[in-house]
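Each value in this text was obtained by applying a stated rule to the coordinates, not by laboratory testing. Not measured: the values here are computed from a predicted model.
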Amino acid sequence: MATLPVIPSANITLRDGARLTIRPIQPDDSLRLQAFHTRLSPESIYLRYLSPHPVLSAAEAERFTHVDYQNRLAFVATRLEGQEEIIVGVARYDRLGPSRPGAAEFAIVVEDDYQGRGVGTCLAECLTAYARAHGLDLFVAEVEAENERMLNFIRHTGLPLTKKLENGILEIQVKIT
């Protein structure tokens, strides 16, 4: 079995005083990720997947939690409820492949109760720093053209970006170097 790289976790305090941990996703997060998905509103699910996606299957959860820390990586934001760790946000990238070296698809989703509280910003900052350190220079995201919250989030990073609209979906390219 391959040894996982050591990537430190970070304890953060949100603007409202809530405490979370940001850490890399782990293979044993599959059930936590499925539970997280059940707490997302249909709107949040639609905006993340660009289609209805009421259930995150075990196979999908397995794929999302088994990353190689180079071509595929995700960070999760978690909170403790007693001894139980609960995922409240996920940011991930998947390299696009040899035809676009240095580029990766980027996605982020935060539980509805935690949106607008800084969770997405912390996750994006961790993911971007890691991606830069591992040779990526461009994030690509497909965003519903009317998803103002995500569009504002991306704009507020201050990073250079380009947008291309096709069939109501924006392909946004964010230069992360």
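Some values worked out for this structure:
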| quantity | calculated |
| --- | --- |
| Rg/Rh for region 127-177, where both radii come from Cα atoms and Rh is the Kirkwood radius | 1.00 |
| 25 °C / 0.890 mPa s Stokes-Einstein diffusion coefficient of region 1-103, Kirkwood radius on C-alpha pairs, µm²/s | 163 |
| Fraction of the pair-distance distribution of region 10-175 above 19 Å, Cα-Cα pairs, percent | 55 |
| Computed [θ] at 222 nm, helices only, for the chain once each DSSP H run of length n ≥ 4 contributes -39500 (n - 2.57) | -8000 deg cm²/dmol |
